[in-house]
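Presented below is the structure to which this report refers.
What follows is calculated from the coordinates using simple rules that are stated; it is not laboratory data. Treat the numbers as computed from the prediction; the structure is a model and nothing was measured. All Cβ positions, even for glycine, are placed from backbone atoms using ideal geometry, and neighbour counts span all protein chains on display.
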Number of protein chains: 2
Amino acid sequence: MKYRSIAVLLTAALTGGICLAQTAPVEDFKKTPTTQQEKEYPQVNSERRVRVSIPAPEAQRVQLDIGGVKYDLKKDEKGVWTGESAPQDEGFHYYQLNIDGASVPDPGSLYYYGASRWGSGIEIPAKDQDFYALKNVPHGQLRETYYYSTATKSVRRVYIYTPPGYDKDSKKYPVLYLQHGMGENETGWGNQGHANLIMDNLIAEGKSVPFIIVMENGSVNLNGMPRGPRPGGIPGQVAPQGGAASAAPGQGAPAGNAPRMGAGGPRVNVNFAAQFEKILFDDLIPYIESNFRVIGDQSHRAMAGLSMGGMQTHSIVVANPDKFSYVGMFSSGTFSPSEIKDIDSFKKKTKVVFMSFGGREGGSARIGAAAEEWTKVGIQGVSYVSPETAHEWQSWRRSLHEFAPLLFR
Amino acid sequence: MKYRSIAVLLTAALTGGICLAQTAPVEDFKKTPTTQQEKEYPQVNSERRVRVSIPAPEAQRVQLDIGGVKYDLKKDEKGVWTGESAPQDEGFHYYQLNIDGASVPDPGSLYYYGASRWGSGIEIPAKDQDFYALKNVPHGQLRETYYYSTATKSVRRVYIYTPPGYDKDSKKYPVLYLQHGMGENETGWGNQGHANLIMDNLIAEGKSVPFIIVMENGSVNLNGMPRGPRPGGIPGQVAPQGGAASAAPGQGAPAGNAPRMGAGGPRVNVNFAAQFEKILFDDLIPYIESNFRVIGDQSHRAMAGLSMGGMQTHSIVVANPDKFSYVGMFSSGTFSPSEIKDIDSFKKKTKVVFMSFGGREGGSARIGAAAEEWTKVGIQGVSYVSPETAHEWQSWRRSLHEFAPLLFR
């Protein structure tokens, strides 16, 4: 980083630029893993700037909207608009284009669900991307299936990661229930989180024991519109029109900005935790334990989540101290032993409390002391700070990569 | 249809409209299963017109581009552009928006891979949509995993449908290898085809025996750029820049039109069949038969595909008459017993040759006679014509729904 910064400043000086944003970008832009295979853009350069390009011959103004900032593109003589962002953090970011006032997905990107919408995402290659890369190792399976929830009175979609070997042996496995963040859904950990590849690689390296991961939709409002349970594109469960957005305050992206997960700090509808808790214990855990080869006790059950999902984990564990032995909160605040009424009973079965934040998040300063509190009462407290990342997926991929090896040892 | 047509004409007469396109649409528009849950548009009305709406206050011209036709939208005083298409066929269609010359996905839709791009798709509710609806029945699993191909020297993504009960019993199952069309990939049959739900429903009704379905990417060019094998968004297998499009003629959407699968009739790069054949026999079938509980003989192996995928099925079966017992060609031309050298040997193991077309496709007139040829030589020949559909997914969903009950009896 140090040398890169000096290089950028030198470049700025040589080109007469006054600030970084005015410096000509380094011309080593390449397609990214999230660029559609048949498309040439978006691209990213070694400074981690995003370059987009789109033909829009009749447009008056085209902008790239990423990280809460809008960057004007420039039109060439063929009517193609091209431009770059400032350097972005390594990892995954949501973004969009703005064409004469219309906010639209970039036709060159792949699409992800986040900030309460399906839209463009971009992968900024990271120094440590090897841990979630696709490799020639034994692969587990990411299974999409459906089950009936008595709590929501509907058929719900769930994703289940089964580790390599699950189909060939007859062992029973421990299970991690892993939750997404606000405005995301059950596709997040597989699509942008690469939870399956992170586990495949950890297991291949002998760094994690194999376990099952269950990913469901934690954005539930049992009193109003069902949020999230509708799997897209399928007749039979069309959600009632409207209402959903207004029933769940704090879900929208900031007006006029690119969607930012948890921009301004996570805001959580506290009802979500209690309502997801009902689905979890009434329907989801019983479904998993009767349909997969699972060791169905506290010692072999973990829960974790990012942002809102970690807050759900936190409040569900406090309310149900006899259900999980491993607790993971990624960018979700801190958890203190003082919140558990019967700590002597809790510490007999609870093995690890893990808290993490991106280094650019305010919470990162507090988790070290919070982890120590746990270690003092006899439960392994672990804190992790993701270097040079904020409230974003690279922090959470790294958090899973740190958390998984601690489980079920 | 008759009454609807009369009603439309009456409406046209009453409003003074001269042709259907100028008639005011019936105002019963509703969100569709492919509208994002948090969004209000796109919508469809009882005439099967598509209405889109997008804020674009500074735009000069906004169009809806669907079925090869561009429809001008109108701007209201708030800068929101809204407009409708002519009635569309029931079922699934790719589309896009055009904003001041920029072709972009509709920010309100879900996204699908077809016409060699990820982009907007819309579901026009069909009279017979119940057969692919999400119901409270036992559900199979759609499994995403990866395996190493010696033919492409890369890790490839494959989707595998396992029927309800697969995880609980220890039976071995027959297998259908099911291929997508030109410009589509291994996600097509699950995402827009709903193959998993079609099977779940057929099995629940006792109309099909349970079997495994394998869905891989048939767009392969072993001599040039690997096409399709890169699963999106994952580091480790970024395809080389460029080249891919030029290596595969006939893949692009017609310039300036919404992507139409096989518009102008399917054009197939014949190499794709021979090259996918190598992956299929060298890598995919061995992987499936050693990792799933499969009956690995000709009698329990079927192959089918839509458009290009059916042509691949056709040529692979002709070249390998001892590998499959059931053959399905959906919108893929005709297959004649005269193409098989040793018909006496072929008919000992081959049970069904199934050919289908949408009723609006030219080929639909020829498949009845082609099916009869098979029946005459002692193999069950079956033809199916999908009512009032063209070269599109509703034809192929219905074809699978007709084909599956014939298998492995």
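Brief remarks on what is shown
- Annotation for the stretch B:303-394: trypsin sites (Lys or Arg not before Pro) lying in DSSP loop with at most 12 further Cβ atoms inside 10 Å of their Cβ are B:Lys341.
- Three-way shape call for the stretch B:170-222 based on the alpha-carbon gyration tensor, with the a/c threshold at 1.5: oblate
- Unsatisfied cross-links (Cα-Cα over 29 Å) in the set A:Lys31/A:Lys78; A:Lys74/A:Lys135; A:Lys168/B:Lys347; A:Lys278/A:Lys351; A:Lys207/A:Lys278; B:Lys207/B:Lys347: A:Lys74/A:Lys135; A:Lys168/B:Lys347; A:Lys207/A:Lys278
- Rounded to the nearest whole Hz, the Karplus-based 3J(HN,Hα) values (6.51 cos²θ - 1.76 cosθ + 1.60, θ = phi - 60°) of the stretch A:33-43 follow the sequence x, 9, 7, 4, 4, 7, 9, 9, 10, x, 10, with x at glycine and proline.
- Of B:Val50, B:Val104, A:Val385, the sequence from fewest to most neighbouring Cβ atoms within 10 angstrom is A:Val385, B:Val104, B:Val50.
- Charge-dipole axis of the stretch A:70-186 as Lys and Arg at +1 and Asp and Glu at -1 on Cβ define it, positive-most pick from A:Tyr147, A:Ala115, A:Pro163: A:Tyr147
- Label spacing, shortest first and in nm, from A:Arg409 to its equivalents in the remaining copies (7 angstrom along Cα→Cβ): 5.9
- Note on the stretch A:25-153: with charges restricted to the Cβ of Lys and Arg (+1) and Asp and Glu (-1), its dipole about the Cα centre is near 380 debye.
- With a Förster radius of 56 Å applied to the beta-carbon distance between B:Ser345 and B:Ser46, the computed FRET efficiency rounds to 0.55.
- Reducing the stretch A:50-105 and the stretch B:44-120 to their Cα centroids gives an inter-centroid distance of 20 Å.
- Rg and Dmax of the stretch B:23-125, Cα atoms only, in Å: 12.6, 37
- The same position A:Arg293 in the other copies lies at 1.1 nm from this copy, comparing label points 7 Å beyond Cα toward the beta-carbon, shortest first.
- Aspartates and glutamates whose Cα lies under 19 Å from that of B:Lys376, excluding same-chain neighbours fewer than 8 positions away: B:Glu339, B:Asp342, B:Asp344
- For A:Lys168, the point set 7 Å out from Cα toward Cβ sits 2.7 nm from its twins in the other copies, listed from shortest up.
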